[in-house]
Amino acid sequence: MGSAAERWAELQSGRGVPPEILAQAPASPWGHDPADFTAPDVPEDTPSRAAGLTLLGASGTVTDVGCGGGDAAFALVGPMTHATGVDTQQDMLDLFEAGADVRGVPARTVLGPWPDVAGQVGTADVVVSHHVLHNVVDLPPFLAALTAAAVRGVVVEMLSEHPMAWLDPLWARFHDLHRPEPATVDDAVAVLREQGVEPEVTRWERERRAPHSPVWVTRRLCLPPEREPEVAAALDRIPPRPRTAATLVWRP
Ligand SMILES: C[S@@+](CC[C@H](N)C(=O)[O-])C[C@H]1O[C@@H](n2cnc3c(N)ncnc32)[C@H](O)[C@@H]1O
């Protein structure tokens with residue numbers, strides 16, 4: 001493993017929840033709620049969408065890795081002739097299938113972790129993977145499989161730093177847990193370079209999203225619901241969630 005890949009793995013491992021905190025959590029702090037990931041009817045005009053449309057040209061197929069509700073793939077409706085959604089959560093794949101139906105896009109889904117299921121997925125003209133890298137510890141095989149699955153190119157979208165890093169002051173406040181620095185876009189780009197890939201990188205500001213509710217943050221912090229008022233008050237005193245995102249594009 002290259003040194004950039006080792007650094008990525010170390011920073012990502014430092015984001016885990018220590019077992020003693022997890023043991024007293026009243027509910028699992030993990031998992032994404034599909035309700036938060038429904039793709040909008042009218043896609044946002046972002047650099048990731050523009051890059052996907054350029055790669056697709058007049059027409060082509062798309063694989064969406066870590067698809068959630070299909071925000072990334074369904075932004076390419078029009079030239080996209082077929083969409084494959086890949087996710088570890090069946091409820092997300094159900095949402096993806098419903099979104100494809102509504103839009104009249106031929107689609108299929110594959111359940112399981114990327115890159116383990118890459119062989120089942122095969123290739124597509126364009127591979128998109130939005131807001132998944134910060135979930136991954138062992139990044140080289142994940143990225144290499146994205147490259148291998150794409151005929152024309154790959155579009156990755158990610159936040160400038162780990163999406164939960166804005167809550168680090170609350171881990172310190174409620175658990176006296178002092179987290180290491182978060183992995184960033186530059187760290188991901190360094191791992192790609194170790195694979196001989198030089199991506200085009202565009203940095204931009206996302207539309208403001210609703211901050212996660214105190215209920216959600218309380219569960220994330222492994223605290224019981226009765227601590228919600230304290231969490232709400234503490235949330236008011238930390239800097240808002242950063243909105244800086246990056247689009248990484250490369251060709252196989
Ligand atoms: C933050 S959500 C992003 C969803 C969607 N791409 C979007 O931008 O709205 C991350 C998604 O990736 C999925 N995921 C995380 N790691 C994965 C992996 N190794 N393979 C496949 N899916 C994964 C999660 O289940 C979740 O649906």
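The values are calculated or read from the model by the stated rules, or taken from the named source; none is laboratory data. Nothing here was measured: the structure is a model prediction, and the numbers come from that model. Backbone-built Cβ (ideal geometry, glycine too); neighbour counts: all protein chains shown. The protein model used for the area step is the full one, side chains on, heavy atoms only, and it has no ligands, DNA or RNA in it. Shrake-Rupley method; radii C 1.70, N 1.55, O 1.52, S 1.80 Å.
Simple spin-label estimate for Glu10 and Arg237 gives 3.3 nm between the two label positions (7 Å along the Cα-to-Cβ direction from each Cα). Packing-based ranking of 13-24, 43-54 yields 43-54, 13-24, ordered from highest to lowest mean Cβ neighbour count within 10 Å. Computed over the Cα atoms of the chain, pair by distinct pair, the Kirkwood hydrodynamic radius stands at 19.0 angstrom. Tally up the carbon and sulfur contribution to the accessible surface of the stretch 27-174 as a whole percent, 1.4 Å probe, everything protein left in place. In the stretch 27-174, the share of accessible area belonging to carbon and sulfur is 56 percent. Rg of the Cα atoms in the stretch 115-199, relative to 2.2 N^0.38 Å, amounts to 1.29.
Only helical DSSP H runs with n ≥ 4 go in: add -39500 (n - 2.57) per run for the chain, normalise by residue count and round the 222 nm mean residue ellipticity to 500 deg cm²/dmol.
Result for the chain: -10000 deg cm²/dmol, rounded to the nearest 500.
Computed over protein heavy atoms with a 1.4 Å probe, the accessible surface of the chain works out to 46 Å² per residue. Given R0 = 45 Å, the distance between the Cβ atoms of Asp101 and Leu177 translates into a calculated FRET efficiency of 0.55.
For the stretch 48-153, report the convex hull volume of the alpha-carbon atoms normalised per residue, in Å³, without decimals.
So the per-residue hull volume is 82 Å³.
Each 5 Å bin from 0 upward holds the following percent of the Cα-Cα pairs of the stretch 1-80: 3, 12, 15, 13, 11, 14, 14, 10, 5, 2, 0. Building the convex hull from the alpha-carbon atoms of the stretch 165-252 and averaging its projection over directions returns 7.3 nm².
How long are the three semi-axes of the equivalent ellipsoid of the stretch 48-100, in whole Å, if each is the root of 5 times an eigenvalue of the C-alpha gyration tensor, listed from largest down? Please report the intermediate quantities before stating the final value.
Working: eigenvalues 81, 19, 14 Å².
Ellipsoid half-lengths, sorted descending, are 20, 10, 8 Å.
Summarising the strand pairing of the chain, around 40 percent of its internal DSSP beta bridges are antiparallel. Packing around the peptides 28-39, 104-115, 124-135, taken as the average count of other Cβ atoms within 10 Å per residue, puts them in this order, highest first: 124-135, 104-115, 28-39.
Any idea what % of Cα-Cα pairs in the stretch 100-163 are farther than 20 Å?
Details: 650 of 2016 pairs.
That fraction is 32 percent.
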